[in-house]
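Down below is the structure, laid out as structure tokens.
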Amino acid sequence: MEATEKKEVVFSAIQPSGTITLGNYLGAVRNWVKMQDEYNCIYALADLHTITVRQEPAKMRKNIIDAYASIMACGVDVEKSIFFIQSHVHTHAELAWVLNCYTQFGELSRMTQFKDKSAKHADNINAGLFTYPVLMAGDILLYQADKVPVGADQKQHIELARDIAARFNGLYGDVFKVPEGFIPKNGARVMSLQNPLNKMSKSDENVNGCVHLLDDPDTIMRKFKRAVTDSEACVRYADGKDGVNNLMTIYSSVTGLSFEQIERDFEGKGYGDFKAAVGEAVVEELRPIRERYEKLVKDKAYLESCYRAADEIALKISSRTLGKAMKKVGFVR
Ligand code: AQP
């Protein structure tokens, strides 16, 4: 489906760097699905971004197809939205180069994700990891996006994309739409179940810290049962109760119940009951996604037809913006 002029444009992407997590889903992908009727939605698998961390080639190829099927299983509908694979659309790498020349070293040095990931991958602090936010800015700006649905961890990168767009427009006129982040009120930052001071991540080495979209019900229940809480044995949202706060956030985000209601429902009950309730709610939320995924992933030809069609439309839309930007800079077109 091609983006029309009438509706605002939404763009977002996800890295196929592992199995998609409950954090990715509640923080971003669930909003992608909700926004499909109201906006012209363009979504991507940001596979170029994944090689900022070393990947095993065969596993990476599998992760890309699995992530494509998973996102469709979540409800991204290729009849309504454009859902393509970033590396198939060459304009992304090209605009990233141009924008690299309009981004300052100091700006990139302040990015907290760069600092976190450099600490985590101290043996491979590559230039791509450093310029990752510029590639991301290009992804968004190529589609003249109005809104970018992301989790809270991406707020700083969206700010940078806005700064780069405004700087470029300041020099050359209105080339890029200056996008706005769209961060959910609830679930914007889902934390690890084992270390609730760290965000839940696909690449978390502690498997119990992270719930994956494709985990089976027993695994999900076991992970919630083992979730870190505290010694107070009282379900309430308060400073210093990071584990319980995280479980309340997940429960509220999945059921729609307010924190006050959750506190009332679990008054006088222990953490065992609460963890079981959170686990059951998550199992039911993810059950239809897993079932749809299992059917979709078997049909590789169908998946390929979906992304090939989307790649083509994405190339057409993004080429217009890239052409305009390059002409303004002074390239002979
Ligand atoms: N824990 C989280 N809570 C809420 N939202 C989250 N997102 C990521 N983690 C959480 C949101 O998911 C979208 C896709 O993220 P990404 O794959 O582009 O990159 P990421 O933020 O680096 O995700 P991960 O899971 O932590 O991946 P790895 O381990 O590979 O680095 C984004 O909108 C993000 O905000």
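The values are calculated or read from the model by the stated rules, or taken from the named source; none is laboratory data. These numbers were taken from a predicted model, which means no experiment stands behind them. So basically every Cβ, Gly included, is an ideal-geometry build from the backbone, and we count neighbours across all protein chains shown.
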In the range 197-230, which residue that is basic (Lys, Arg) and part of a helix (DSSP H, G or I) is surrounded by the most Cβ atoms within 10 Å (Cβ to Cβ)? LYS223
Checked the range 21-58 for anything within 15 Å of ASP153 (Cβ to Cβ) and not hydroxyl-bearing (Ser, Thr, Tyr); matches are LEU22, GLY23, ASN24, LEU26, GLY27, ALA28, VAL29, ASN31, ALA46, HIS49
Residue count, the range 117-159, condition aromatic (Phe, Trp, Tyr) and free of Cβ contacts under 8 Å to residues at least 24 places away in the same chain, comes to 1
Test result for ALA119, closer than 28 Å to LEU197 by Cα, assigned to a helix (DSSP H, G or I) and of a type outside the set (Ser, Thr, Tyr): yes
Can we say GLU280 is under 26 Å from the mean Cα position of the chain (by Cα) and under 30 Å from ILE85 (Cα atoms)? no
Answer yes or no as to whether VAL134 is part of a strand (DSSP E or B) and of a type in the set (A, V, I, L, M). no
Meets criteria (in contact (Cβ under 8 Å) with a residue 40 or more places away in the chain, surrounded by fewer than 20 Cβ atoms within 10 Å (Cβ to Cβ), within 13 Å of the ligand (Cβ to nearest atom) and in a helix (DSSP H, G or I)) for ASP163: no
If the requirement is being over 28 Å from ARG287 (Cβ atoms) and within 11 Å of the ligand (Cβ to nearest atom), which of these qualifies: HIS90, HIS121? HIS121
Check off (1) within 30 Å of ALA325 (Cα to Cα); (2) within 11 Å of the ligand (Cβ to nearest atom) for VAL175 and give me the number that stays unchecked. (2)
Of the numbered conditions (1) outside any loop (DSSP other than H, G, I, E, B); (2) not assigned by TED's automatic domain parsing to the domain that holds TYR43, GLU267 fails exactly one; give the number of that condition. (1)
What pairs come out if I take residues in the range 5-29 that are more than 9 Å from the ligand (Cβ to nearest atom) and pair them with residues that are outside any strand (DSSP E or B) and basic (Lys, Arg) whose C-beta lies under 7 Å away, six or more apart or interchain? THR19/LYS202
Given the options PRO184, PRO179, name the one that is in contact (Cβ under 8 Å) with a residue 60 or more places away in the chain, buried (at least 22 other Cβ atoms within 10 Å of the Cβ) and assigned by TED's automatic domain parsing to the domain that holds GLY18. PRO179
Residue tally, condition β-branched (Val, Ile, Thr) and within 9 Å of the ligand (Cβ to nearest atom), over the range 144-160: 2
